[in-house]
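Read the figures in this text as sums done on the coordinates, not as results from a lab. Predicted model only: the values in this text are computed from it and were never measured. Note that we place each Cβ from the backbone using ideal geometry, even for glycine, and neighbour counts take in every protein chain shown.
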Amino acid sequence: MIVSNKLMTSVGSAALMAALSVSSGVAMAQDGPLRGNVRIVIGSTSTGGDTYQNSSIVADHLAEHLDINMKVDAVGASSAFRTLDRDSRGNTLMIFHDQSYLGYLYGVQGYDNIFEKYTVGPTVAINPGNAYLVPKDSSYENLEQIMAAVGDGETVRVAIQPGGVSEIGFSALKNAISIEYPGMEDNLVAVNTGSQSDKNQQLFDDQVDMIHGSVQANEQYTRLPEDDQKAMRFVWLTARQSTIEQAPEEGMGKTSREQLLEYVEPNVHVTMGDDENFTFDKEFFFLYNKDMDPAIVEQIDEALADIYAEGEIQEIQKNAFFIPNFKPSDEAAAYLTEKMARYEEIISNIK
Amino acid sequence: MEFLSLLDITFFLLAGLGALVGIIFGAIPGMTATMAVAVCLPLTYALGLNHGLALLLGLYVGGISGGMVPAVLLNIPGTPSSITTTFDGYPMAQKGEGEKALRVSVIASVVGGLISAAVLFFFAPVLADFSIKFSYVEKFLIIFLALTVIASLSSNMLVGIFSGVIGIWLSLVGVYSTSDGGNGKTRLMFDAMEPYLYEGFSLLPVLIGIFGISTILLEAEKGVKRDIAGERVKLGKGNSGFSLSIFKGRMTNLVRSSFIGTFVGMLPGVGGSAASVLAYTQEKNLSKDSSQMGKGAPQGLIASESANNALTGGALIPLLSLGIPGDSTTAVLIGAFTLQGIQVGPLFIPENVNTWYVMMTALIFANIVMFFLMFYAIKHIAKVVMVPKHLLFPIIVMMCVVGAYAINYGIMFDVWTLLIFGVLGYVIQKVGLEVAPLIIGFILGSQAEIYFVKSLESFGTFSIFFTKSPIAMVLWALIVASVVFSIVVGMKTRAKQKMELSQVAGSTQVKPGKDRDQNSR
Amino acid sequence: MESGLSSLLSVSIDFETSHLFFPRIIHWILAGLFALILVTKVAPFMAAVKRGERKLPIVGEARDSFRFFGTLVLIVAYFYLMAVVGNMFPYTGYGFLFVSMGFVLLMAFLYMHEWTKKAVITAVITAIVAPSLAWFVLAKLFKITLP
């Protein structure tokens, strides 16, 4: 065993030397508090989804601008929050969207109040595609007819994924019905479903009358002939009108921006009371560890401001059907706090 | 034939390179096709759509088939879908037939891959319309059918089923995820465990822990005596005992398994590993002589490998004709399309005819490259078993760690899962429970839950499982047949064993080789 | 009869507790099977143990304790230290790289039966080359996050 001990020490010292020589070669931002290797964890486990795509666009630009290494890892919400909890050095950052506080509002296990537990960073983009669809041969022409039918006592079933972005539009609709047709809102029934494919399947099986979907995933279905079992039709995009107006003119697939605008407010009217219309934009933003050096927050804000001033990132985002939406940390935090408060009201109204 | 102008040397080189890298990823225990595609996804930015697709499809095909290598040689499924390859491959490797086993697997793989590519090419839109006839109820029945393999796989049916149910139980630990339509609440654990177990145990760490780490523990217990893993491997004599005649009389199996693989791949939400399990079950039930299956029969390899490679074409069907990924790898492939600003959906093929042809070319070419790479590299790959165990084992542990850590993009608990299930696997085998049924229960358990509960939520009665549709009734017929078959076969083998036992009564000592054989199952 | 059967088969699942529905079924099946096994397998086996015909698994078996427990200790130390060292060099993969080197070397020594100079040298070389290669290809080339 003496041999091995000797070897161990020599191997150990060789390794240490190697470490020192390698680490000196690692790209570092010489002039900022953010340095070395930075990992961006996201709240989704999919590397094919919008969160990943959007995060990698931002990460690539940030890494280049700051001259550091950045890597996006799709670890999922629960793991992402936990990883962020443990690292206050600034080597771990998180990018997620409205799900981060909607999960908390809906009381989903594993979600905390992000405004208390973390530092909310800058917003970077909007995915304007949040949509609701009906079968193409549905007897409901538009959302207004659906609300009227529910108000009239008809049961309308909606496939959603519970506890977040997919449910908020449903909640708002229910809230609107309770305002316009008091007492009838329970005729709007949520059918809790998982993935987009499951929701589509529920519609094909006539198990639901309306599904939650997205412009990106469902646009082609809206162009199928009416006699196709799979054909669908948009009835509602939850985005603000001003958001869709920023989309590329050609829209998505063969559905132009003009056509998309038919499905947003004020053409579609989902009231929140007080003459206010409900809208929901799925916005992507940074989340930081609460104890992270404020200088890093500032550094990222400045870097992003520079990047957005250059204008290249906007083109890339628009190509991928994202709406560029940069707000520095302070502004973003105030804006999102207010946004959460509004949705909190809706959710508590219909409880 | 406009698309021909899109093909150039680089295109084919990338498809070939993809197949090669994919095979390497698949061959490393713990690294999967999904991971290979995911890590190379950013490269497709720079490559452009057609070249990017060539690379990714190469990786996909290579990654799925590379999984057979550790399955056969080390008894560790390189990817979840090669689980059934271990059942017959490893016993063959122990008998010194590792090279033969790999050759059989490679041929089965390429046939499966090509059949599914042909099905994809000719029938994609029709099959997509057929696949949406499968709702929660039918999907549950498919999973249930795959679960019936537990009965026929186990050496003692009662113990086997018990092990399978334990596997299902383990798969339920953690959150009933909202992304599956659940209510997002955790179960089967204490609150204190939530930070680690929120998402439950991940499949891959469980798989390589229970196969890889527990094998090492069992060896360590015996003192790691024989220093070469496959003691009787005959190598380098050009005589691997392989000839094409193995496939004689196995064509039905080959074709049937390829179609099963394609079909399961086609159903969104029914995981890829169900394909090889289902093909293996059917071969066990339908073949004339299945008594050797699980002890080193090439027919098991044929069923498993042709089915898991047929997944590739199958899983692309819903992706390209519904915009819905058929398995986890194609879910990542969607990213490649969105990165290039291409929509996938029911109109993908008519609107992107050239891309469609390009993809088919890449898929077929990748299968062929995979075949030649593997078929001629096997002799060298099989030498892995010649590495002394005291060097091989630490490297296996190391690679398992990398795979476990990387599968969910960097989660330390997945590494600890390796150890937990390594020890569990050791204990299970010691107390006489059976590993294969347990792991199949684990793989299929969570899907079974979702489809079962969602069926009942939608229809509110148990009778729906019988009356939903003609497809459901056909599936019930298959399930009943499968169960009856395994009971009959089980009774036959028991009678046979009793006869043999009475013949060799007196010499109760078990040969060490046979002993290990039992441990490994 | 008809209506009796259909009411027997009908079921309504409360969404709030639906996460427990399937596990509950599995628990009952597990309990039933366990009872069966207890009666048909375990009881005769324990009787055989009492008579001294058979040995208890794990506790009653002979084993190479040094190598068995050595393996467990090494793996636990490996997993633990990897995270600790990795945390010192965030997201560089050094934790994996250096701790793997030590682990591969020690495990190779643990399993080595003939301590020849050649064997020791191969082990050392393997311990340095294998983790470095894995680290370089995966962490550097493919940019996979390692501890």
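Dipole magnitude for the protein assembly as shown: about 7320 debye, using +1 per Lys or Arg Cβ and -1 per Asp or Glu Cβ, origin at the Cα centre.
Taking each residue in C:11-24, count the Cβ atoms of any other chain within 10 Å of its Cβ, then average. What number comes out?
For peptide C:11-24, the averaged partner shielding equals 6.
Indicate the gyration tensor shape class of the stretch C:65-141 (rounded, prolate or oblate), computed on the Cα atoms with a ≥ b ≥ c the square roots of the eigenvalues: a/c under 1.5 is rounded; otherwise a/b larger than b/c is prolate and the rest oblate. Since a/c reaches 1.5 but b/c is at least a/b, the shape of the stretch C:65-141 is classed as oblate.
Of the GluC sites (Glu not before Pro) in the stretch A:208-245, the ones in a loop by DSSP (not H, G, I, E or B) with at most 15 other beta carbons within 10 Å are A:GLU226. Look at the Cα gyration tensor of chain B: its axes a ≥ b ≥ c give a/c under 1.5, and that counts as rounded. Comparing B:MET92, B:GLY422, A:ASN289 along the charge dipole axis of the protein assembly as shown, the residue lying farthest to the positive side is B:MET92, per the Cβ-charge model.
Out of C:PRO131, C:PRO44, C:PRO23, any idea which swings most in a Gaussian network model of chain C, alpha carbons joined below 10 Å? Highest fluctuation among the options: C:PRO23. The B:ILE471 and B:LEU286 beta-carbon pair, evaluated with R₀ = 22 Å, returns a calculated FRET efficiency of approximately 0.65. Couplings 3J(HN,Hα) for the stretch A:342-349, derived from phi with the Karplus relation 6.51 cos²θ - 1.76 cosθ + 1.60 (θ = phi - 60°), are 5, 6, 4, 4, 4, 5, 6, 4 Hz, where x marks Gly and Pro. Listed by Cβ neighbour count within 10 Å, with the fewest neighbours leading, B:TYR280, B:TYR409, B:TYR426 appear as B:TYR426, B:TYR409, B:TYR280.
For the stretch B:290-310 versus the stretch B:135-192, the inter-centroid distance based on Cα atoms is 24 Å. Cross-linked pairs B:LYS185/B:LYS284; A:LYS290/C:LYS143; B:LYS284/B:LYS498; A:LYS71/A:LYS327; B:LYS133/C:LYS143: Cα-Cα separations exceed 31 Å for B:LYS185/B:LYS284; B:LYS133/C:LYS143. Between B:PHE130 and A:ASP60, the modelled label-to-label distance comes to 4.0 nm, taking each label 7 Å out from Cα in the direction of the beta carbon. Going toward the positive end of the dipole of the protein assembly as shown, with +1 on Lys and Arg Cβ and -1 on Asp and Glu Cβ, which of A:MET70, C:TRP115, B:PHE452 do you reach last? Positive-end residue among those listed: C:TRP115.
Residues B:GLU99, B:GLU221, A:GLU258 in ascending order of nearby Cβ atoms (within 10 Å, fewest first): A:GLU258, B:GLU221, B:GLU99.
When both the stretch A:261-309 and the stretch B:1-39 are represented by their alpha-carbon centers, they are found 39 Å apart. From helices alone, chain A scores -13500 deg cm²/dmol at 222 nm; the rule is -39500 (n - 2.57) for each run of n ≥ 4 DSSP H residues, then divide by the residue total.
Here the sum of -39500 (n - 2.57) over DSSP H runs of 4 or more residues, divided by the residues of chain B, equals -23000 deg cm²/dmol at 222 nm, to the nearest 500. Test of understanding: extend the Cα→C-beta vector of C:THR17 to 7 Å, then name every residue of the stretch B:449-479 with backbone N under 13 Å from that spot. Under 13 Å, as judged by backbone N against the label point of C:THR17, lies no residue of the stretch B:449-479. Build a GNM of chain C with springs between Cα atoms under 10 Å apart, and of C:GLY93, C:GLY32, C:GLY70 the one that fluctuates most is C:GLY32. Quick one: among A:GLU331, A:GLU116, A:GLU298, which has the greatest mean-square fluctuation in a GNM of chain A with alpha-carbon springs under 10 angstrom? Most flexible of the set in this elastic network: A:GLU116.
The stretch B:422-449 and the stretch A:319-339 have their alpha-carbon centroids 47 Å apart.
Projecting the Cα atoms of B:PRO42, B:SER306, B:ALA128 onto the charge dipole of the stretch B:2-520, computed from C-beta unit charges around the Cα centre, puts B:SER306 farthest toward the positive end. For A:TRP236, the amide hydrogen comes within under 5 Å of the amide hydrogens of A:TYR132, counting only partners 5 or more places away or on other chains and with H modelled in the peptide plane.
Remark: spin-label model distance B:LYS498-B:HIS380 equals 5.4 nm, labels positioned 7 Å along the Cα→Cβ axis.
Computed from point charges on the beta carbon alone (+1 for Lys and Arg, -1 for Asp and Glu), the dipole magnitude for the stretch B:2-520 about its Cα centre is near 1820 Debye. Counting only DSSP beta bridges with both residues in chain A, the antiparallel share comes to about 60 percent. Which angle from 0 to 90°, rounded to the nearest 10, does the C-alpha axis of helix C:117-135 make with the longest principal axis of chain C? So the inclination is approximately 70 degrees.
Once you have a ≥ b ≥ c as the square roots of the Cα gyration tensor eigenvalues for the stretch C:2-50, tell me rounded if a/c is under 1.5, and otherwise prolate or oblate according to whether a/b is larger than b/c. Could the numbers behind the result be given before it?
Values: a/c = 9.43, a/b = 2.30, b/c = 4.10.
Oblate shape, in that a/c is at least 1.5 and b/c is the bigger or equal ratio.
Each DSSP beta bridge with both residues in the stretch A:130-261 is either parallel or antiparallel, and the antiparallel ones are about 60%.
The charge dipole of chain C, taken about the Cα centre with unit charges on the Cβ atoms of Lys, Arg (+1) and Asp, Glu (-1), comes to about 680 debye, rounded to the nearest 20. Among B:ILE150, B:ILE487, the ranking by other beta carbons within 10 Å of each residue's beta carbon, starting with the fewest, stands as B:ILE487, B:ILE150.
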